[in-house]
Structure formats: structure tokens, C-alpha cells
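These notes concern the structure reproduced below.
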Amino acid sequence: MSQDKNENFLPQESQNDFSYSPNVGRYIKEVMKNRNAEISIPQIAELTGIAKYYLYQIIPAKDMPPKNTRNNPTRNMVIAVALALKFSLNETQQLLEYAGEEKLQPVSNFDKTIIYALERGMSIVKTNILLDEKNCELLIFEK
């Protein structure tokens with residue numbers, strides 16, 4: 001996906017003050033569409049450990065808010081989805097921005113490890129092993 005396309009993908013708006021961000025789901029769908037790849041919510045749930053009902057709120061089937069919304073996805077949830085879908089570092093940074101979360105910075109051990117994992121297309125399990133070795137928070141979610 002080109003930089004110009006990312007900049008024009010969605011209108012500029014603040015994402016800090018609402019509980020449902022359609023930009024996150026739209027961007028995930030757009031990246032997968034550009035790859036000619038399809039993945040279902042149950043598949044993402046299996047790869048990430050994030051509950052299906054929550055993923056349906058982040059990535060709704062239709063381009064409209066889900067009936068029951070919780071909070072915006074956490075930074076770690078966004079990172080887990082990016083790892084599961086083999087997003088590049090740039091795609092992950094854009095996804096974090098749409099989610100209203102801080103982009104990855106090679107300052108903390110956690111962020112350095114995530115950047116390393118993204119650049120190598122590592123799974124969440126392998127990423128968690130590295131995070132554990134560095135005494136960092138793990139990307140673990142309960143179903």
C-alpha cells in the first residue's frame with residue numbers, strides 16, 4: 001500500500017474520544033483486500049487468543065458500528081492482530097494510529113521486540129517467547 005493511499009484512506013478525525021473506531025476495521029480489511037487474502041474473525045481469534053465477540057466489534061462484517069461496542073482495542077490487541085495477519089511494520093504503525101494508540105518506538109524492550117517480530121513475520125507464540133525472555137508484558141488474551 002503506498003503512502004499516498006494511506007494518507008487518503010480515511011478522513012482526518014480525532015479517534016481519542018469515542019468507543020468505536022471504524023478506521024481500524026476498515027484499514028484491516030483494506031490491507032487484506034490489497035493482498036488478495038481473506039481471513040475470518042474465527043481464524044483471527046484462533047491466532048490471537050482474542051475473543052471472537054470482541055473482534056467482531058473491532059472488525060464488523062458491515063461498515064457500520066456493531067450493536068454492542070466496548071472500548072477501542074488496546075495497543076496490545078492491535079499489535080496481536082497485526083502479528084497474526086503478518087502486517088509490515090509500516091502497516092502496523094498505521095493501524096496503531098487509526099486505533100488512537102502510540103506507535104511503536106525502538107526505545108522500550110517491548111517495542112523493540114515487537115518491531116523485531118514484525119520485521120521477521122513471527123507468530124504471536126514466538127513473539128511471546130521473546131517478550132518473556134526480555135521480561136516484558138506478553139500478548140496474551142483470554143477467550
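Checking residue 64 against (1) modelled with pLDDT under 90; (2) in a loop (DSSP other than H, G, I, E, B); (3) crowded, with 20+ Cβ neighbours inside 10 Å, which single condition isn't satisfied?
(3)
List the residue pairs whose Cβ atoms are under 7 Å apart, where the first residue sits in the range 77-89 and is over 16 Å from residue 102 (Cα atoms), the second is at pLDDT 95 or above and among the polar types (S, T, N, Q), and the two are 6 or more positions apart or on different chains.
Between residues of the range 77-89 that are over 16 Å from residue 102 (Cα atoms) and residues that are at pLDDT 95 or above and among the polar types (S, T, N, Q), the close pairs are 83/127.
Which residue, of 93, 57, is in a helix (DSSP H, G or I), within 14 Å of the chain's Cα centre (by Cα) and modelled with pLDDT under 95?
Exactly one of 93, 57 is in a helix (DSSP H, G or I), within 14 Å of the chain's Cα centre (by Cα) and modelled with pLDDT under 95, namely 57.
Give me the residue from the range 96-133 that is of a type in the set (S, T, N, Q) and either part of a helix (DSSP H, G or I) or within 9 Å of the chain's Cα centre (by Cα) (or both) and, out of that set, surrounded by the fewest Cβ atoms within 10 Å (Cβ to Cβ).
So, considering only residues that are of a type in the set (S, T, N, Q) and either part of a helix (DSSP H, G or I) or within 9 Å of the chain's Cα centre (by Cα) (or both), the one surrounded by the fewest Cβ atoms within 10 Å (Cβ to Cβ) is 109.
Any idea which residue in the range 67-80 is surrounded by the fewest Cβ atoms within 10 Å (Cβ to Cβ), counting only those that are part of a loop (DSSP other than H, G, I, E, B) and at pLDDT 70 or above?
Restricting to residues being part of a loop (DSSP other than H, G, I, E, B) and at pLDDT 70 or above, the top hit is 74.
The values are calculated or read from the model by the stated rules, or taken from the named source; none is laboratory data. It should be emphasised that the depicted structure is a prediction, and the values quoted were computed from it without experimental measurement. No Cβ is skipped: glycine too gets one built from the backbone with ideal geometry, and neighbour counts run over all protein chains shown.
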